[in-house]
Amino acid sequence: SSKAGNFNAVFVDDFSGMSTATWCEQTMRESSLLGRNVLMVVAVKTRDYGFCFGNEVELSSSQKSSIDQAAVSALSNENWAEA
C-alpha cells in the first residue's frame, strides 16, 4: 500500500553549488519534512530537479518512477503548477 503524507515542492534559482540530492535532503531535514512526506526541489535557472522521500514513505520503485516521469514532462514544458 502506498502511504505518503504531504507532497511539498520548492522552486529556487539553483542549489547553491550542492548536488540535487544533498540540497533536497538538507532542506527536508531543516523543514522537518521527514516521516511520510515527499519533497520535490526544482532549480529553475539550472533546470535541475529531484525528489526526497521521507523514511516512512511506502512507494514502490515503479511508483517513484511514475512520479519522476510526470515531473519531467511538466517541467520540460515549464508547466510549474503541474510538476
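By the count of other C-beta atoms within 10 Å, a proxy for reagent exposure, E25, E30 are ordered fewest to most as E30, E25. Please report the projected area of the chain's Cα convex hull averaged over all directions, in nm². Approximately 5.2 nm², given one-decimal rounding.
For the stretch 1-49, state which trypsin sites (Lys or Arg not before Pro) are in a DSSP loop and have at most 11 other beta carbons lying within 10 Å of their beta carbon. In loop regions of the stretch 1-49 (DSSP not H, G, I, E or B), the sparsely surrounded trypsin sites (Lys or Arg not before Pro) are K3, K45, R47.
Projecting the Cα positions of F53, I67, N37 onto the charge dipole of the stretch 20-70 (unit charges on Cβ atoms of Lys, Arg, Asp and Glu, taken about the Cα centre) puts I67 furthest along the positive direction. Who wins for biggest fluctuation among G54, G35, G17 in a Gaussian network model of the chain, springs between alpha carbons below 10 Å? So, out of G54, G35, G17, the one fluctuating most is G17. Per residue of the chain, the DSSP helices (runs of n ≥ 4 H) give a summed -39500 (n - 2.57) that works out to -10500 deg cm²/dmol at 222 nm.
Here, each number is a calculation from the coordinates, and none is a lab measurement. The structure displayed is predicted, hence computed values, not measured ones. FYI the Cβ positions are ideal-geometry reconstructions off the backbone, even for glycines, and counts take in every protein chain you see.
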